[in-house]
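Structure, as structure tokens:
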Amino acid sequence: MKSDRLLSILLLLQTRGRVTATELAERLDVSVRTIYRDIESLSTAGVPVYAERGRHGGLALLPGFRTDVTGLTADEARALFVLASRSAHADLGLDGALGSALRKVMAALPAPHRPAAEATSRRILVDPVRWLTGPPAEVRLDELNAAVFADRRLRLRYRHGGESEPKTYTVDPYGLVAKAGVWYLVADRRARPQLFRADRVAAVKVTEEPVRHRAGVELADAWEVLRRQVERRPAEFRVTVAVRRARLGMFLRLLGHQVAGPPSDGDPATVELLLQEGRAARQLLSFGPDVEVLRPESVREDLAGVARRTAELYGGG
């Protein structure tokens, strides 16, 4: 579009100082004649642009002319360049667009703001993916992304955790949320909010029925309700474990969100865990003899049974 091209010319002249019409034409993929027509349009709009002839000539702005196209303050500019991992943009097919947008923002910034913004982008990185989560599952994110913008009801084939066969649901989508590297579809099912992990969606179909959102509810509202539901699930079991000091750091990195308080001093360290159910303690078997459940006795018996059956399976019984 011409308006985008005029803005690009203005930003290039601001950042480069002097640019030939030929270079502008090549960068913007138009003819030199078009560039001169655009320069005339800028001049008519009050932008003091002029042409210098000769071997070192080109198009330039009058000295001292600046326009802060973005209107950003220094802190606002830095905030834009504190980038999360580009994996989320790549998942949506927007990683290229993100890079292009940031280059435009950088070009539009007032000169005093640019060094801080550039330094921020090189020195601060936010990676939302947790450690040791395993290889990412296949996600039908391109289909879901297109579907949520269709403003139509969706028919999902969805497999719940612990189940082998998918079920069919008709839902009213609000949008997609990336949480700690995992994508979720937020939708209403029977007028109640529900989360669907994107990597468990086996198939998605856009129906002809218009989406039916609850009045006044947006994506952020539905997500907040669901987030609180997940975080407020009551912990049914308090499990006390002894952890060898050499493995305590790894233990806390993996299970820190389930730890009820600081570990005790000494070796082994005593740690209190809050679990949703007793069987959730089976994950502790992955630590082998470095972690021992002290109480309750019901959890110790369950783990002993699992360990015994595992030993029998491998011929150790």
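Structure above, values below:
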read-out: Extent along principal axes [Cα atoms of the chain; Å; largest to smallest]; value: 91, 55, 41
read-out: LEU313/GLU292 FRET efficiency (R0 25 Å; Cβ-Cβ; nearest 0.05); value: 0.70
read-out: Hypothetical label at ARG247: residues of the stretch 279-294 whose amide nitrogen lies under 18 Å (7 Å Cα-Cβ projection); value: 280-294
read-out: Förster radius 25 Å - calculated FRET efficiency between SER100 and ALA79, Cβ distance, rounded to 0.05; value: 0.85
read-out: Computed [θ] at 222 nm, deg cm²/dmol, the chain (DSSP H ≥ 4; -39,500 (n - 2.57); rounded to nearest 500); value: -11500 deg cm²/dmol
read-out: Protein accessible area in the chain, 1.4 Å probe - carbon and sulfur %; value: 51 percent
read-out: Those residues of the stretch 158-179 whose amide nitrogen sits under 14 Å from the label point placed on VAL225, 7 Å along Cα→Cβ; value: 172-175
read-out: SER264 paired with THR120, simple spin-label distance in nm, labels 7 Å along Cα-to-beta-carbon; value: 4.8 nm
read-out: DSSP-assigned coil residues among trypsin sites (Lys or Arg not before Pro) in the stretch 221-317, each with at most 11 further Cβ atoms within 10 Å; value: ARG232
read-out: In Å, descending, principal axis extents of the Cα set of the stretch 201-285; value: 63, 29, 22
read-out: Cα-derived Rg over Rh, computed across the stretch 140-248 with Rh taken as Kirkwood radius; value: 1.10
read-out: Contact order normalised by residue count of the chain, Cα under 8 Å, 6+ apart, percent; value: 10 percent
read-out: Accessible area per residue, Å², the chain with all protein chains present, probe 1.4 Å; value: 62 Å²
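The values are calculated or read from the model by the stated rules, or taken from the named source; none is laboratory data. Given the structure is predicted, the values throughout are model-derived calculations rather than measurements. When we count neighbours, we look across all protein chains shown, and the Cβ atoms used for this are built from the backbone with ideal geometry, even at glycine. Accessible surface areas use protein heavy atoms only, side chains included; no ligands, DNA or RNA. Shrake-Rupley method; radii C 1.70, N 1.55, O 1.52, S 1.80 Å.
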